[in-house]
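The values are calculated or read from the model by the stated rules, or taken from the named source; none is laboratory data. What you are looking at is a predicted structure, and each value in this text was computed from that prediction instead of being measured. For neighbour counting, all protein chains shown are included, and Cβ atoms are generated from backbone atoms with ideal geometry for every residue, glycine included.
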Ligand SMILES: Nc1nc2c(ncn2[C@@H]2O[C@H](COP(=O)(O)OP(=O)(O)OP(=O)(O)O)[C@@H](O)[C@H]2O)c(=O)[nH]1
């Protein structure tokens, strides 16, 4: 899997907004059924993130995630197909892994890929035993059936229009409203602008203070956005730590003012939040230009490119400041 493919996959996974969400009966029921059906002590619906696997549902395990490097499910994602390991101790790829040599002492693993509605692989549904065993053809078919039920649930989740963590719009509803705004702007020669925002060093918050603190930061940031937005503005969490603002009837100057106000509001939040971490963001803002933007995709790409430029410059300044303070 190339870095580019992996970036696209992670983007799709974050856009679904299912990482770090609460346990749901619709998935827990499947891991329970799988445990009985295959008579195994551990079953998981595992979502493979950048450097961890996180369990949307788990049966027989108390931990919520493991480092990706230790996981079997990452192989399912990287190879894009089911994986069956009859005896992990006898398989050079896995025999040294910490999940085999230590808790939960995996010997048998069977995982089937689970795909998001756009075809990207989110992770795997897997069954695990602490003794070597094999999987019959019929059992393999049943595991595939369960993977398809997980995918049906993903399809239902993807129909949502509200981001379940923050309560603001999600990528789907943002795109629908932005498409309509663009159509009207073309027809009636109206102005509108879009800003794409990505939090800086957000992963550090997750890694240092845990994912629930990361979730709290995402909620705090959405609340700040929500307080600033006027009724006709649309604010959305587009996935992970990425947000979008749609400003109808607004030229670039007005959109830039919104971003400046956001910076000021965030600075005041950072001063009063009593949190050990400070929130900051990079933004890319574009005004609709009929000559440049035939489609919403082109406009979003323009905003995204600008945002990455801002982020790159910020990172260069940060590393320069670090080098200077170290010398
Ligand atoms: N807490 C939490 N973390 C999430 C959620 N969705 C995605 N993430 C995490 O968001 C992080 C996004 O990674 P990056 O875009 O590399 O984060 P970053 O550290 O801000 O990097 P830069 O954007 O380059 O500054 C990953 O660590 C994901 O695990 C979520 O719903 N909750």
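For the stretch 1-26, a tally of residues being more than 16 Å from the ligand (Cβ to nearest atom) and touching a helix residue (DSSP H, G or I) at 6+ places or on another chain (Cβ under 7 Å) returns 2.
Based on this model, can you work out whether residue 104 counts as closer than 16 Å to residue 130 by Cβ, touching a residue at least 40 places away in the same chain (Cβ under 8 Å), in contact with a helix residue (DSSP H, G or I) (Cβ under 8 Å, 6 or more places away or on another chain) and away from the ligand (no atom under 16 Å from the Cβ)? Please lay out each step first, then the result.
Numbers: closer than 16 Å to residue 130 by Cβ: yes; touching a residue at least 40 places away in the same chain (Cβ under 8 Å): yes; in contact with a helix residue (DSSP H, G or I) (Cβ under 8 Å, 6 or more places away or on another chain): no; away from the ligand (no atom under 16 Å from the Cβ): yes.
It is false that residue 104 is closer than 16 Å to residue 130 by Cβ, touching a residue at least 40 places away in the same chain (Cβ under 8 Å), in contact with a helix residue (DSSP H, G or I) (Cβ under 8 Å, 6 or more places away or on another chain) and away from the ligand (no atom under 16 Å from the Cβ).
In the condition set (1) closer than 30 Å to residue 212 by Cβ; (2) in contact with a strand residue (DSSP E or B) (Cβ under 6 Å, 6 or more places away or on another chain); (3) in contact (Cβ under 8 Å) with a residue 60 or more places away in the chain, residue 287 is compliant with all but (1). Checked against the criteria, residue 43 does not count as within 16 Å of the ligand (Cβ to nearest atom) and in contact (Cβ under 8 Å) with a residue 12 or more places away in the chain. Restricting attention to the stretch 200-231, the residues that are touching a strand residue (DSSP E or B) at 6+ places or on another chain (Cβ under 9 Å) and more than 12 Å from the ligand (Cβ to nearest atom) add up to 5.
Condition check ((1) more than 29 Å from residue 7 (Cα to Cα); (2) touching a helix residue (DSSP H, G or I) at 6+ places or on another chain (Cβ under 9 Å)) across all residues:
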{"residue": "231", "(1), (2)": "yes, no"}
{"residue": "236", "(1), (2)": "no, yes"}
{"residue": "239", "(1), (2)": "no, yes"}
{"residue": "242", "(1), (2)": "no, yes"}
{"residue": "263", "(1), (2)": "no, no"}
{"residue": "266", "(1), (2)": "no, yes"}
{"residue": "277", "(1), (2)": "no, yes"}
{"residue": "284", "(1), (2)": "no, yes"}
{"residue": "295", "(1), (2)": "no, yes"}
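Given the structure, is residue 197 within 16 Å of the ligand (Cβ to nearest atom) and without any contact (Cβ under 8 Å) to a residue 24 or more places away in the chain? No; evaluated as a whole, the condition is false for this residue.
With at pLDDT 95 or above and within 15 Å of residue 114 (Cβ to Cβ) as the only criterion, which of 55, 38, 59 stands out? Reasoning before the result, please.
On the way: 38 fails: within 15 Å of residue 114 (Cβ to Cβ); 59 fails: within 15 Å of residue 114 (Cβ to Cβ).
After applying the criteria, what remains is 55.
Would you be able to say whether some residue in the stretch 141-149 is free of Cβ contacts under 8 Å to residues at least 24 places away in the same chain, assigned to a helix (DSSP H, G or I) and within 23 Å of residue 49 (Cα to Cα)? Steps first, please.
Taking the stretch 141-149 first, the residues free of Cβ contacts under 8 Å to residues at least 24 places away in the same chain are 141, 145, 148.
Filter once more, keeping what is assigned to a helix (DSSP H, G or I): 141, 145, 148.
Subsequent filtering for residues that are within 23 Å of residue 49 (Cα to Cα) retains 148.
Among the residues of the stretch 141-149, at least one is free of Cβ contacts under 8 Å to residues at least 24 places away in the same chain, assigned to a helix (DSSP H, G or I) and within 23 Å of residue 49 (Cα to Cα), which makes the answer yes.
Quick check: is even one residue across the stretch 112-119 under 25 Å from residue 238 (Cβ atoms), within 16 Å of the chain's Cα centre (by Cα) and not in a loop (DSSP other than H, G, I, E, B)? Yes, the stretch 112-119 contains a residue that is under 25 Å from residue 238 (Cβ atoms), within 16 Å of the chain's Cα centre (by Cα) and not in a loop (DSSP other than H, G, I, E, B).
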